[in-house]
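Below you'll find the structure, written out as structure tokens, and then a few comments.
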Amino acid sequence: MSDVTETTPGWLAPDELELARARMPILYVEAVPVRVDDSGEVTHIGLLLRIGPDGTVSRTLVSGRVLHHERVRDALLRHLEKDLGPVALPRVPASLQPFTVAEYFPTQGITPFHDPRQHAVSLAYIVPVSGDCRPRQDALDLVWFSPQEASSALVQQDMPGGQGVLLKQALAHAGCLS
């Protein structure tokens, strides 16, 4: 046994992550980036354009795992910066109560949310951003939609794993669906 204690949070090695995914739920955060007007009403919703491992193009929300020994707030900020860039200027809510908790299962049909790799529990937040958003990492683009466009069947069909359902829940929570 080593006398050194590892205190730096980090990713599991790929084989360790695969083993963990097979045995227990993994905690995620998801963010719906929005633009708001002066009265705080949502005017636009930002969706990332990504290419999946199978080559399909889809629209997604900001999403990622919470690291070991990482606060949820820090994970949310890290993934917003990773996906939207360092000057997106997100305003994370003072209260970290999510608008919903999405449960992703490897088996389809248990909930509207599906991830074939794992059982995941995701805390979902609506996060206003006021800065210049430039997609990074594996995102091709960030497209801003009006609430009406974001709730359309055309946009919803481009969102994998039930994220379209999650987006509609966010729009309803923000009072954008009539």
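The values are calculated or read from the model by the stated rules, or taken from the named source; none is laboratory data. These numbers were taken from a predicted model, which means no experiment stands behind them. Glycine also receives a Cβ, built like all others from the backbone with ideal geometry; neighbour counts cover every protein chain displayed. Calculation scope for accessible area: heavy atoms of the full protein, side chains included, ligands and nucleic acids excluded. Shrake-Rupley method; radii C 1.70, N 1.55, O 1.52, S 1.80 Å.
Summarising the overall dimensions of the stretch 99-178 from its C-alpha atoms, the Rg and Dmax are 13.7, 38 angstrom. Among 71, 50, 136, the largest mean-square fluctuation in a Gaussian network model of the chain (Cα springs under 10 Å) belongs to 71. Using a probe radius of 1.4 angstrom, the carbon and sulfur fraction of the accessible surface of the stretch 56-138 is 54%. Under the criterion of Cα pairs below 8 Å and six or more residues apart, the relative contact order for the stretch 49-91 equals 24 percent.
From the residues 75, 17, 104, which one has its Cα farthest along the dipole of the chain in the positive direction, the dipole being from +1 and -1 charges on Cβ of Lys/Arg and Asp/Glu about the Cα centre? In the chain, that residue is 104. Taking every protein chain into account, the accessible area of the chain amounts to 57 square angstrom per residue (probe 1.4 Å). Were the residues from residue 41 through residue 91 laid out at 0.36 nm apart, the gain over their Cα-Cα distance would be 16.6 nm. Volume of the convex hull of the stretch 54-158 (Cα atoms only), normalised per residue: 136 Å³.
Between 79, 119, 68, the Gaussian network model of the chain with springs among Cα atoms under 10 angstrom shows the greatest mean-square fluctuation at 68. Accessible surface of residue 151, taken over heavy atoms with a 1.4 Å probe and every protein chain present, rounds to 30 Å². Ligands, DNA and RNA aside, residue 62 has an accessible area near 0 Å² when probed at 1.4 Å. The label point for residue 149 and the one for residue 136, both projected 7 Å from the Cα toward the Cβ, are 2.5 nm apart. Shape analysis of the chain yields a ratio of the Cα radius of gyration to the Kirkwood radius, Rg/Rh, of 0.98. Full extension of the chain between residue 70 and residue 17 gives 17.4 nm of extra length, using 0.36 nm per residue less the Cα-Cα distance.
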